[in-house]
1. What does the net charge come to around Cys237 if you take all other residues with beta carbon closer than 12 Å to its beta carbon, with K and R at +1 and D and E at -1?
2. Among rounded, prolate and oblate, which fits the stretch 101-154 when a ≥ b ≥ c are the square roots of the eigenvalues of its C-alpha gyration tensor, a/c under 1.5 means rounded, and a/b larger than b/c means prolate?
3. Ignoring any ligand, DNA or RNA, what whole percent of the accessible area of the chain comes from carbon and sulfur when the probe is 1.4 angstrom?
4. With the other protein chains left in place, how much accessible area per residue, in square angstrom, belongs to the chain at a 1.4 angstrom probe?
5. Take the stretch 161-275, compute every pairwise Cα distance, and split them into 10 Å bins from 0; I just need the percent in each bin.
6. In the neighborhood of Ile110, defined by Cβ-to-Cβ distances under 12 Å, what is the net charge if each Lys or Arg adds +1 and each Asp or Glu adds -1?
7. Could you tell me the relative contact order of the stretch 4-153? Use alpha-carbon pairs under 8 Å, at least six residues apart, and round to a whole percent.
8. For the chain, what's the relative contact order in percent, using C-alpha pairs closer than 8 Å and at least 6 residues apart?
Amino acid sequence: MKKSKKAKIGIIGCGNMGRAIAERIKSIFKTVIFDKDAAKTRNITKVITAPNLTELVNIADVVILAIKPQDFNEVLGEIKNSIDNKLVISIAAGISTKYIEKILGKARVIRVMPNLLVKIGEGVTALCNGEFATADDLGLAQEIFDKVGTTIVLEEKMMDADTAFLGSGPGFHFDLLSRIEKERWPEFTENEFIPSFAASGEKVGFSREQAKLFAELIAKGDLVLLEELNESPGALCIRVTSKGGTTEAGLKELKGDVERLPNAVEAARKRAEELSNEAATFQAKRRRKVA
Ligand SMILES: NC(=O)c1ccc[n+]([C@@H]2O[C@H](COP(=O)([O-])OP(=O)(O)OC[C@H]3O[C@@H](n4cnc5c(N)ncnc54)[C@H](OP(=O)(O)O)[C@@H]3O)[C@@H](O)[C@H]2O)c1
């Protein structure tokens, strides 16, 4: 494996996340991208556009899977024979490193969970390594995601809690901000949101220091994002709330009350766990069908 900045990074999928990552890392790493919809990569500059998946994998030392969980089987099947000993980084919610290793065969896999704030370089990204990834692999993955914000290394069993706390946190914050006047946002965030949100992070398993640090980073990042996108918190909340997802489950418990944040994060964690189980069952069924 080439070390650090010499590594060529290949990104599969140029949607919300793939594009945001490419834009942030392209000045440091040689970056190549492929999306099955060529229109999505047409106006991206200083990034090589691969004509197909095989070509992307041939060029890249590291392959980032920035596609939706439902597209995993197809993409893994296509790259399986050309992946060799390359490092594979998945950013998909609910897809375990074991699942990817099973299809790719003892591949070096890192699972990463970024959040919305990567768009402005203020993301909080959790990483965990699969069975065959080395400490150098984890170091390189951290180096890449340090370019889109702050990184934290977790055990894989914490990934559902991470999805709920770091992933759905901005949605909860936007919902609460949408209920008060703009002048009060900074004071509300500092004095009410951050303490209650940090407590909810601790409740789902983060240490007190981690929960406090990440609550602060996320809350302040949310305010910058609102400013930069010039959108209302209500509109942003709707944008980050997928139907049947973790944020939606949390919002039902939040009920617009900052003190209910621990309930909201716990409900989101439960939903993340359910989604991971559903994904595992669905994938196992598909594997049996294919076999
Ligand atoms: N959005 C978030 O805030 C967030 C946060 C953390 C993690 N994630 C994870 O990040 C992943 C990507 O999410 P996203 O929001 O960026 O999704 P997205 O906007 O839908 O982007 C995925 C892109 O991949 C393309 N694609 C699908 N199949 C492909 C293939 N075979 N080859 C090449 N490209 C293909 C899609 O094209 P089509 O649209 O034509 O299918 C789409 O352009 C998901 O797994 C999600 O769980 C997202």
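1. On the way: positive: Arg179, Arg239; negative: Asp175, Asp222, Glu231, Glu248.
Summing Lys and Arg as +1 and Asp and Glu as -1 gives -2.
2. Values: a/c = 2.83, a/b = 2.05, b/c = 1.38.
Note, shape of the stretch 101-154 comes out prolate.
3. On the way: 6690 of 13510 Å².
For the chain, the apolar C and S fraction of the accessible surface comes to 50 percent.
4. Working: 13510 Å² over 291 residues.
That works out to 46 Å² per residue.
5. Reading the bins upward from 0: 16, 53, 29, 2.
6. Numbers: positive: Lys86, Arg108, Arg111; negative: Glu101, Glu131, Asp136, Asp137, Glu143, Glu156.
Overall, the nearby charge balance is -3.
7. Values: 301 pairs, mean separation 29.7, N = 150.
Relative contact order for the stretch 4-153 comes out at 20 percent.
8. On the way: 506 pairs, mean separation 42.1, N = 291.
Averaging sequence separation for qualifying contacts and normalising by length gives 14 percent for the chain.
The values are calculated or read from the model by the stated rules, or taken from the named source; none is laboratory data. Remember, it's a predicted structure, so these values are computed and weren't measured experimentally. Neighbour counts run over all protein chains shown; Cβ positions are idealised from the backbone, glycine included. Note: areas computed on protein heavy atoms with side chains; ligands, DNA, RNA excluded. Shrake-Rupley method; radii C 1.70, N 1.55, O 1.52, S 1.80 Å.
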